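Below is one structure, written out as structure tokens; comments come after it.
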Amino acid sequence: MDSSTIGILAAIVGLVIGFVIAKVMEKGKASKTILNAQQEADNLLKGAKVEGENIKKDKILQAKEKFLELKAEHEKVITSKDKKIAESEKRTRDKESQVGSELARTKKLGAQLEEKIKDAEHKSDYLEKKQSEINKLHKNQVQQLEVISGLSADEAKTQLLESLKETAKSDAMSYMQTTMEEAKLTAQQEAKKIIINTIQRIGTEEAVENCVSVFNLESDDVKGRIIGREGRNIRALESATGVEIVVDDTPEAIILSCFDSVRREVARLSLHKLVTDGRIHPARIEEIVKKTEKQIEQEIVEIGKRTIIDLGIHGLHPELIRAVGRMKYRSSYGQNLLQHSREVAKLCGVMAAELGLNTKMAKRAGLLHDIGKVPNTEAEMETPHAILGMQWAEKFGEKPDVCNAIGAHHDEIEMKNLIAPIVQVCDAISGARPGARRQVLDSYIQRLKDLEEVAFGFQGVQKAYAIQAGRELRVIVESEKVNDDKAAELSFEISQKIQTDMTYPGQVKVTVIRETRAVNVAK
């Protein structure tokens with residue numbers, strides 16, 4: 001072997017010896033560690049045993065205490081149950097004793113009832129015997145009466161019934177007559193009371209509308225600008241509005257004349273805008289008039305809405321609302337139509353409330369009763385306003401009672417409900433207020449004279465008086481020439497003569513009075 005190989009072997013031997021020595025040293029350390037671990041394990045086991053014994057003792061003590069508590073609670077429950085059982089047993093014994101006493105009492109009552117039944121049977125037998133004896137006596141008496149009177153029982157009964165019938169009829173007729181008279185008197189008194197109270201409770205301001213409006217100017221210099229060169233401005237304004245414009249010597253004023261209040265209002269507002277703006281020429285006039293017409297239409301709708309809100313009326317068709325607004329610019333015998341309709345609606349509401357009727361429906365009919373006075377076309381103008389208003393109401397979905405009240409308030413159709421006469425009465429009240437309607441004095445007096453002259457045209461008429469502002473004609477006839485039947489016929493003929501020959505607002509009542517007097521003097 002050479003020296004290098006020997007060196008390698010010597011190194012390997014040295015490594016092996018070192019490894020063996022290291023293993024021996026590690027085994028010594030491991031044995032010491034194992035001994036220490038065994039000691040610590042023994043110590044832990046001893047400590048665990050001691051703690052386990054202590055825990056066991058504590059748990060045993062807790063279990064004993066819990067057992068004692070449960071035992072005490074169980075004893076309490078058992079005691080309470082024993083008490084309840086004892087009480088229920090006591091109640092049961094009491095009920096048994098009560099039932100026993102009731103049974104004894106029932107037996108006693110049963111015995112008494114049996115005795116009473118026996119007494120009742122004896123009494124019924126006795127009564128039957130007495131009834132048979134009474135029947136025999138009654139038959140004998142009837143036979144004796146038939147022999148005495150010479151009539152059988154059926155004949156006598158028939159005669160008695162006939163006499164009773166006649167007496168009952170006369171009594172019933174007198175009672176009916178008395179009742180009818182009392183009812184008429186009471187009805188008239190109550191009707192007058194309701195009408196007077198309604199008139200007194202509703203007070204309104206009356207407005208008189210004319211066919212002329214006055215437009216005030218700041219100075220007379222504006223008149224020339226309104227007339228324009230060769231009158232072209234004023235002609236354009238009259239053509240656009242349909243209103244006659246009168247420019248005269250009246251200082252600082254121009255007169256607008258037209259039967260249509262809406263047109264007059266359009267012309268007035270248009271003039272105001274033109275004068276304020278200062279630009280007055282035909283093209284500007286047409287533009288301003290168109291804008292003003294739209295403004296008036298909007299205002300009409302707003303007026304209608306405010307009116308129905310003030311009166312508490314709901315669900316009215318938009319076309320009817322527009323018709324209500326247009327009534328502001330209409331007048332009837334000088335009375336503003338919208339104010340008149342509002343007043344009639346309030347009167348109808350008060351009177352319907354007094355009579356226990358539907359106040360909302362009465363107000364609705366009162367407000368709409370004159371909508372036929374604001375027609376849209378010339379064809380509609382030929383239809384009576386009450387019929388036209390009824391047709392509109394039917395067209396726009398109003399109830400039949402409201403439609404009938406509108407159509408019947410001037411007696412064009414038959415009244416079919418109680419609201420119709422209320423509307424007619426309230427319309428008459430509103431129109432008959434002093435100052436409500438304006439008429440020319442001469443034509444008013446002439447109409448009264450014509451009414452009286454119609455009456456004097458018939459034979460037997462002694463005197464005639466037109467009263468109540470021409471709404472009634474009182475005719476006094478000669479009793480020697482006109483009898484009662486002729487008086488009724490004369491009243492009808494005079495009313496027909498007035499209806500065919502005269503023109504008058506509303507209706508005229510003709511009353512013919514025939515009086516017979518017998519006068520003697522005692523000396």
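The values are calculated or read from the model by the stated rules, or taken from the named source; none is laboratory data. Note that the structure is a prediction, hence the values are computed from the model and not measured. Counting neighbours? That spans all protein chains shown, and the Cβs are built from the backbone with ideal geometry, glycine included.
Test GLY349 against the stated conditions and say whether it is assigned to a helix (DSSP H, G or I), buried (at least 20 other Cβ atoms within 10 Å of the Cβ) and in contact with a Ser or Thr (Cβ under 9 Å, 6 or more places away or on another chain). Answer is yes for this residue. Please give the number of the condition GLN459 fails out of (1) exposed (fewer than 13 other Cβ atoms within 10 Å of the Cβ); (2) touching a strand residue (DSSP E or B) at 6+ places or on another chain (Cβ under 6 Å). Checking GLN459 against (1) exposed (fewer than 13 other Cβ atoms within 10 Å of the Cβ); (2) touching a strand residue (DSSP E or B) at 6+ places or on another chain (Cβ under 6 Å), the one that fails is (2). Quick check: is even one residue across the range 499-518 part of a helix (DSSP H, G or I) and touching a residue at least 24 places away in the same chain (Cβ under 8 Å)? Yes: the range 499-518 contains one or more residues that are part of a helix (DSSP H, G or I) and touching a residue at least 24 places away in the same chain (Cβ under 8 Å).
Could you run through the range 227-247 and say how many residues are touching a strand residue (DSSP E or B) at 6+ places or on another chain (Cβ under 7 Å) and closer than 17 Å to VAL289 by Cα? Before you say what the answer is, go through the steps one by one.
Of the residues in the range 227-247, the ones touching a strand residue (DSSP E or B) at 6+ places or on another chain (Cβ under 7 Å) are 234, 237-238, 243-247.
Narrowing further to those that are closer than 17 Å to VAL289 by Cα: 234, 237-238, 243-245.
Of the residues in the range 227-247, 6 are touching a strand residue (DSSP E or B) at 6+ places or on another chain (Cβ under 7 Å) and closer than 17 Å to VAL289 by Cα.
Quick one: would you say ASN140 is polar (S, T, N, Q), touching a strand residue (DSSP E or B) at 6+ places or on another chain (Cβ under 6 Å) and at pLDDT 75 or above? Considered against the rule, which asks whether it is polar (S, T, N, Q), touching a strand residue (DSSP E or B) at 6+ places or on another chain (Cβ under 6 Å) and at pLDDT 75 or above, ASN140 comes out as no.
Reported count of residues in the range 445-503, each being polar (S, T, N, Q) and more than 45 Å from the chain's Cα centre (by Cα), is 5. The single residue among HIS409, HIS317, HIS340 that is surrounded by fewer than 22 Cβ atoms within 10 Å (Cβ to Cβ) and not basic (Lys, Arg) turns out to be HIS317.
Quick check: anything in the range 276-290 modelled with pLDDT of 85 or more and in contact with a His (Cβ under 8 Å, 6 or more places away or on another chain)? No, the range 276-290 has no match at all.
Might you check whether a residue that is more than 30 Å from MET327 (Cα to Cα), assigned to a helix (DSSP H, G or I), in contact (Cβ under 8 Å) with a residue 12 or more places away in the chain and among the charged types (D, E, K, R) occurs anywhere in the range 488-497? Yes, there is a match, as at least one residue in the range 488-497 is more than 30 Å from MET327 (Cα to Cα), assigned to a helix (DSSP H, G or I), in contact (Cβ under 8 Å) with a residue 12 or more places away in the chain and among the charged types (D, E, K, R).
Go through the range 44-92 and give me each residue that's hydroxyl-bearing (Ser, Thr, Tyr) and modelled with pLDDT under 85.
Taking the range 44-92 as the starting set, the residues that turn out to be hydroxyl-bearing (Ser, Thr, Tyr) are 79-80, 88, 92.
Once the filter is applied, which keeps residues that are hydroxyl-bearing (Ser, Thr, Tyr) and modelled with pLDDT under 85, the range 44-92 yields nothing.
For ASP249, the criteria (1) within 18 Å of ARG229 (Cα to Cα); (2) acidic (Asp, Glu); (3) in a loop (DSSP other than H, G, I, E, B) hold in every case but one, which is (1). Examine the range 399-418 for a residue that is under 12 Å from LEU320 (Cβ atoms), at pLDDT below 90, in the same structural domain as MET327 (by TED's automatic domain parsing) and touching a Lys or Arg at 6+ places or on another chain (Cβ under 6 Å), and state whether such a residue exists. The answer is no, given that none of the residues of the range 399-418 is under 12 Å from LEU320 (Cβ atoms), at pLDDT below 90, in the same structural domain as MET327 (by TED's automatic domain parsing) and touching a Lys or Arg at 6+ places or on another chain (Cβ under 6 Å).
Please work out which residue is nearest to PRO318 (Cα to Cα), limiting yourself to the range 378-421 and to residues that are assigned to a loop (DSSP other than H, G, I, E, B) and free of Cβ contacts under 8 Å to residues at least 24 places away in the same chain.
THR383
From the list GLU190, GLU230, GLU218, the lone residue that is in a loop (DSSP other than H, G, I, E, B) and at pLDDT 70 or above is GLU218.
Take the range 348-388 and flag every residue that is within 21 Å of HIS410 (Cβ to Cβ), modelled with pLDDT of 90 or more and of a type in the set (D, E, K, R). Selection gives LYS363, ARG364.
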